[in-house]
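Student: Starting off with a structure, shown below.
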Amino acid sequence: MRRWEKALLAVDRVLGTGEPPSRLELAAARHPVRVGVTSGTVMAVLIAAALSGFDDPVILFQTTLIGAGFGLLAWAACRNARWLHAYYMRTGRYEEVRQKALRAKPLSRRAMTLQMLGAWAVTSGMFWLIAPHKDLPRGWLWSPAFGAGLLAICCATTWLMQKLSR
């Protein structure tokens, strides 16, 4: 086995969810070109819309390049997932993963806190970058407040979805 394949398997063992792939993940792994083209196109159109660059050929060219790069990254990720699925099917590891998923414990309070802090940092940075373009107040106090508000809405939505699914 090649060294990069061993490295990918080691990363998957450490960072993997311990669950079998979902239907969406299987479909993406089966059609990596479709995923790459659609995600790259959507990303290019969204960036062009955010920059209001549909009438400027330079911005359109830049967003096309960004979309193509994002599409290539999505394609590579789907190809990697396809390779991992084939490897696990050959070795019969999916049944082992399925049994581990049934015995898995929920995330600890510390892990959930770290996950929420990471999401808050990302949303705060997102609001700090978007604020000048959307006439939002930009500052070191407003951006974290908007990030915390968005995170609270996401947490409430997740909690309600879990409550309704029981």
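The values are calculated or read from the model by the stated rules, or taken from the named source; none is laboratory data. Just so you know, these numbers come straight off a predicted model, no measurement behind them. All Cβ positions, glycine included, derive from the backbone under ideal geometry; neighbour counts span all protein chains shown. Side chains are part of the model used for accessible areas, which takes the heavy atoms of the whole protein and leaves out ligands, DNA and RNA. Shrake-Rupley method; radii C 1.70, N 1.55, O 1.52, S 1.80 Å.
Student: Using heavy-atom solvent-accessible surface (probe 1.4 Å) with all chains present, what is the largest-first order of W128, W75, W140, W83?
Tutor: W140, W75, W128, W83
Student: Taking the Cα centre of segment 29-166 as origin, sum charge times position over the Cβ atoms of Lys and Arg (+1) and Asp and Glu (-1), and report the length of that vector in debye to the nearest 20.
Tutor: For segment 29-166, the charge dipole is close to 1060 debye.
Student: Here's another thing I want to ask about it. Run the accessible area of segment 110-165 with a 1.4 Å probe and give the carbon-and-sulfur part as a rounded percent.
Tutor: Roughly 75 percent, rounded to a whole number.
Student: Could you report the accessible area of K163 in Å², rounded to 10, computed with a 1.4 Å probe on the protein chains as they sit in the structure?
Tutor: Approximately 120 Å² for this residue.
Student: What FRET efficiency do you get for A145 and L114 if R0 is 22 Å and r is their Cβ-Cβ distance, rounded to the nearest 0.05?
Tutor: Calculated transfer efficiency: 0.60.
Student: On to the next question. Kindly give Rg over Rh for segment 25-166, based on alpha-carbon atoms, with the Kirkwood expression for the hydrodynamic radius.
Tutor: Rg/Rh: 1.07.
Student: A further question follows. Express in % the proportion of alpha carbon pairs of segment 104-155 at distances exceeding 16 Å.
Tutor: Value for segment 104-155: 44 percent of Cα pairs lie more than 16 Å apart.
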